[in-house]
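The values are calculated or read from the model by the stated rules, or taken from the named source; none is laboratory data. These numbers come from a predicted model, not from an experiment. Cβ sites come from the backbone with ideal geometry, for glycine too, and all protein chains shown count toward neighbours.
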Amino acid sequence: MGKIKNICCIGAGYVGGPTMAVIAAKCPDIKVTIVDLNAARIAAWNDENLENLPVYEPGLDKIVAEARGRNLFFSTEVDKAIDEAEMIFISVNTPTKTYGLGKGKAADLKFIELCARQIAAVSKTDKIVVEKSTLPVRTAEAIRDILDNTGNGVNYQILSNPEFLAEGTAIEDLLAPDRVLIGGETKEGGKEAMEALVEVYANWIPRERILTTNVWSSELSKLTANAFLAQRVSSINAISELCEKTEANVSEVARAIGMDSRIGSKFLKASVGFGGSCFQKDILNLVYIAKTYGLNEVADYWEQVIIMNDHQKRRFASNIIKTLYNTVSGKKIAFLGWAFKKDTNDTRESAAIYVADDLLFEQANIAVFDPKVEEKQMHYDVNYLNTRDKEENKKGITVFADPYEACKDAHAIAILTEWDEFKEYDWQRIYDNMKKPAFVFDGRNLLDGEKLTSIGFVFQAIGR
Ligand code: UDX
Ligand code: ADP
């Protein structure tokens, strides 16, 4: 396998889109084609107006503008792209199963399996297949099984190349990653396949940051990294509840422990709970795998990270209800933020969805403003929980394009996402237009509590 000239990526989502755009920008000699079955998504990636790209990420528009049409292409012609490429990335989604065996825990690999079958059906030349999606350990084995049993004589190498980009900082993370991890097989040609991918990344990443391991280590490292990160958030969130009962302030505690270089200062922000497409799914996967091997203590240990996170979201909602005199029925509660973190339009597993659901059970009228999330996405998210009638959900949630309108006449404001712009709002104006007492529940410890209190707000944050 010589130098890679053609790359195909199946799946034009939050992972495939930014990752391939950066590869294309950094490797002008490689033609990168991103394919997706979703024609509307591909059309949006091809939109002249870069504001319409389907993924919002700071800096992504510039990278796409640089490479699109030169060596970066978005297309729905999956077979053609597979046929042309020497290297195929699989970046399709792997949601948690919502049915059958492993429901609520195991990853649903049907999209991966479909990709493997399609690659097997189309390929006429040798291919390197790279798993990019977050996949449970031993998925490569399943892909290999499918590819090997099609009998068209093509030689496949399977690599695991987990993504570590965090949404909102994806472009920075891709341009200057802490490390790139490539897992390969020991069978003949495995080393060469790994080297081919190392070569691609080495176009802009120092070689000492590109690690190679066996496939299983690579797959498990991804799950472990996310489990450790999520565990930090659940750990500080657990302490936040204790802080609220005592005189301690969680931000001070986080600062104090974070200065211990063994602990480190990152990922210690107490919040309304972590969200995103990876943390919960990856931990559930880890739990499922551990249980499969009969490792019940290991499974229970990691499951607790999720239990703590669910508790954190729920107690945020119940605190709103309790503070508003035990009823939010018919009250307007304004949500600032719906995305699972700032600088992304992704809402998967966002805490806002669960807090909204709890408040809807209490018959609240929720008014939402988010600078990047579309209205239909918010309705979709709440309906996806399947907890009540769609019509009722629709009645309970109103989406505003203007934050001041969202907050007007509200009994309370809840900060669900840490968008920077919320800090700059005219809080006096917001206060003047709210019902009194005017409550602010800051689920991100974002706002200046002292300032808000001096305006007249009743202000509550996490862990203080
Ligand atoms: C994560 C991993 O960081 C990334 O390496 C992996 O590839 C994909 O999963 P992502 O989910 O995009 O990335 O965002 P991340 O920054 O990890 O945040 C996850 C959630 O944790 C967000 O809801 C965020 O608000 C929350 N969080 C994070 C906290 O509540 N407190 C913190 O201190 C850090
Ligand atoms: P991620 O965050 O992992 O990137 P997304 O849901 O944003 O997840 O993106 C995954 C993309 O993969 C979706 O746009 C979906 O349409 C696409 N996809 C899923 N299965 C296939 C398939 N068999 N062929 C092509 N595209 C697919």
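Pairs are defined by a Cβ separation below 6 Å, a sequence spacing of at least 6 or placement on different chains, a first member in the stretch 257-281 that is farther than 16 Å from His311 by Cα and modelled with pLDDT under 95, and a second member that is more than 6 Å from ligand 1 (Cβ to nearest atom) and outside any helix (DSSP H, G or I); the pairs so defined are Ser277/Arg348; Cys278/Thr134; Lys281/Thr96. Determine whether Arg388 is closer than 25 Å to Glu57 by Cβ, of a type in the set (Lys, Arg) and assigned to a loop (DSSP other than H, G, I, E, B). Here the answer is no, as Arg388 does not meet what is asked. Within 16 Å of ligand 1 (Cβ to nearest atom) and not in a helix (DSSP H, G or I), is that true of Asp381? It is false that Asp381 is within 16 Å of ligand 1 (Cβ to nearest atom) and not in a helix (DSSP H, G or I).
Search the stretch 282-331 for residues being in a loop (DSSP other than H, G, I, E, B) and more than 30 Å from Ala364 (Cα to Cα), and hand back the single one that is farthest from the chain's Cα centre (by Cα).
Narrowing the stretch 282-331 to residues in a loop (DSSP other than H, G, I, E, B): 293-295, 324-331.
With more than 30 Å from Ala364 (Cα to Cα) added as a condition, the list becomes 293-295.
On the way: Tyr293: 28, Gly294: 29, Leu295: 28 Å.
The extreme case among them is Gly294.
In this structure, Gly294 qualifies as modelled with pLDDT of 95 or more and more than 12 Å from ligand 1 (Cβ to nearest atom). Any residue at all in the stretch 431-449 that is in contact with a helix residue (DSSP H, G or I) (Cβ under 8 Å, 6 or more places away or on another chain), assigned to a loop (DSSP other than H, G, I, E, B) and on the phi > 0 side of the Ramachandran plot? Within the stretch 431-449 (the criterion being in contact with a helix residue (DSSP H, G or I) (Cβ under 8 Å, 6 or more places away or on another chain), assigned to a loop (DSSP other than H, G, I, E, B) and on the phi > 0 side of the Ramachandran plot), the answer is yes, since at least one residue qualifies.
The single residue among Thr186, Thr169, Thr212 that is among the hydroxyl-bearing types (Ser, Thr, Tyr), closer than 26 Å to Leu286 by Cβ, more than 16 Å from ligand 2 (Cβ to nearest atom) and modelled with pLDDT of 90 or more turns out to be Thr212.
For the stretch 131-157, which residues satisfy the criterion of being within 14 Å of ligand 2 (Cβ to nearest atom) and part of a strand (DSSP E or B)? Correct list: Glu131 only.
The set of residues in the stretch 402-424 that are outside any strand (DSSP E or B) and either within 16 Å of ligand 1 (Cβ to nearest atom) or under 27 Å from the mean Cα position of the chain (by Cα) (or both) comprises Asp402, Pro403, Ala406, Leu416, Thr417, Glu418, Trp419, Asp420, Glu421, Phe422, Lys423, Glu424.
Condition check ((1) over 22 Å from the mean Cα position of the chain (by Cα); (2) within 15 Å of ligand 1 (Cβ to nearest atom)) across all residues:
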{"site": "Val15", "(1), (2)": "no, yes"}
{"site": "Ala24", "(1), (2)": "yes, no"}
{"site": "Ile30", "(1), (2)": "yes, no"}
{"site": "Glu48", "(1), (2)": "yes, no"}
{"site": "Pro54", "(1), (2)": "no, no"}
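Only one of the listed residues (Thr327, Thr292) is polar (S, T, N, Q), surrounded by fewer than 21 Cβ atoms within 10 Å (Cβ to Cβ) and farther than 30 Å from Lys395 by Cβ. That residue is Thr292.
Quick one: which of Ala364, Ala352, Ala334 is surrounded by 24 or more Cβ atoms within 10 Å (Cβ to Cβ) and within 16 Å of ligand 1 (Cβ to nearest atom)?
Values: Ala364 fails: within 16 Å of ligand 1 (Cβ to nearest atom); Ala334 fails: within 16 Å of ligand 1 (Cβ to nearest atom).
Residue meeting the stated conditions: Ala352.
Residue pairs whose Cβ atoms lie under 6 Å apart, separated by 6 or more positions or on different chains, with the first residue in the stretch 215-234 and more than 24 Å from Thr186 (Cα to Cα) and the second within 16 Å of ligand 2 (Cβ to nearest atom), are Asn226/Cys278; Asn226/Phe279; Asn226/Asp282; Ala230/Phe274; Ala230/Phe279; Val233/Phe274. Considering only the stretch 118-135, how many residues are away from ligand 1 (no atom under 16 Å from the Cβ) and out of contact with any Leu (no Cβ under 9 Å at 6 or more places or on another chain)? Of the residues in that region, 6 qualify. Residues satisfying the criterion are present in the stretch 406-418 (criterion: modelled with pLDDT of 95 or more, of a type in the set (D, E, K, R) and either in contact with a Phe, Trp or Tyr (Cβ under 6 Å, 6 or more places away or on another chain) or under 20 Å from Ser271 (Cα atoms) (or both)).
Taking the stretch 200-215 as the search range and keeping residues that are in a helix (DSSP H, G or I) and buried (at least 16 other Cβ atoms within 10 Å of the Cβ), which one is nearest to ligand 1 (Cβ to nearest atom)? Give the derivation first.
Narrowing the stretch 200-215 to residues in a helix (DSSP H, G or I): 200-201, 207-209, 215.
Among the residues that remain, those that are also buried (at least 16 other Cβ atoms within 10 Å of the Cβ) are: 200-201, 215.
Details: Val200: 19, Tyr201: 16, Val215: 18 Å.
Out of the qualifying residues, it is Tyr201.
Screening Gly275 with (1) away from ligand 1 (no atom under 11 Å from the Cβ); (2) in a loop (DSSP other than H, G, I, E, B) gives one miss only, at (1). Of all residues in the stretch 7-48, which are near ligand 2 (Cβ under 9 Å from one of its atoms), of a type in the set (D, E, K, R) and free of Cβ contacts under 8 Å to residues at least 40 places away in the same chain? Of everything in the stretch 7-48, just one residue is near ligand 2 (Cβ under 9 Å from one of its atoms), of a type in the set (D, E, K, R) and free of Cβ contacts under 8 Å to residues at least 40 places away in the same chain, namely Arg41.
Can you find a residue that is within 25 Å of the chain's Cα centre (by Cα), over 19 Å from Tyr14 (Cβ atoms) and surrounded by fewer than 20 Cβ atoms within 10 Å (Cβ to Cβ) anywhere in the stretch 119-133?
Restricting attention to the stretch 119-133, the residues satisfying the condition of being within 25 Å of the chain's Cα centre (by Cα) are 129-133.
If we keep only those that are over 19 Å from Tyr14 (Cβ atoms) as well, we get 129.
In the following step, the residues that additionally are surrounded by fewer than 20 Cβ atoms within 10 Å (Cβ to Cβ) were identified as none.
No, that holds for no residue.
Restricting attention to the stretch 142-149, does a residue exist that is under 25 Å from the mean Cα position of the chain (by Cα) and more than 29 Å from Leu60 (Cα to Cα)? Yes.
Every listed requirement among (1) within 18 Å of Leu324 (Cα to Cα); (2) touching an Asp or Glu at 6+ places or on another chain (Cβ under 8 Å); (3) of a type in the set (A, V, I, L, M, F, W, C); (4) within 16 Å of ligand 1 (Cβ to nearest atom) is met by Phe441 save one, (2).
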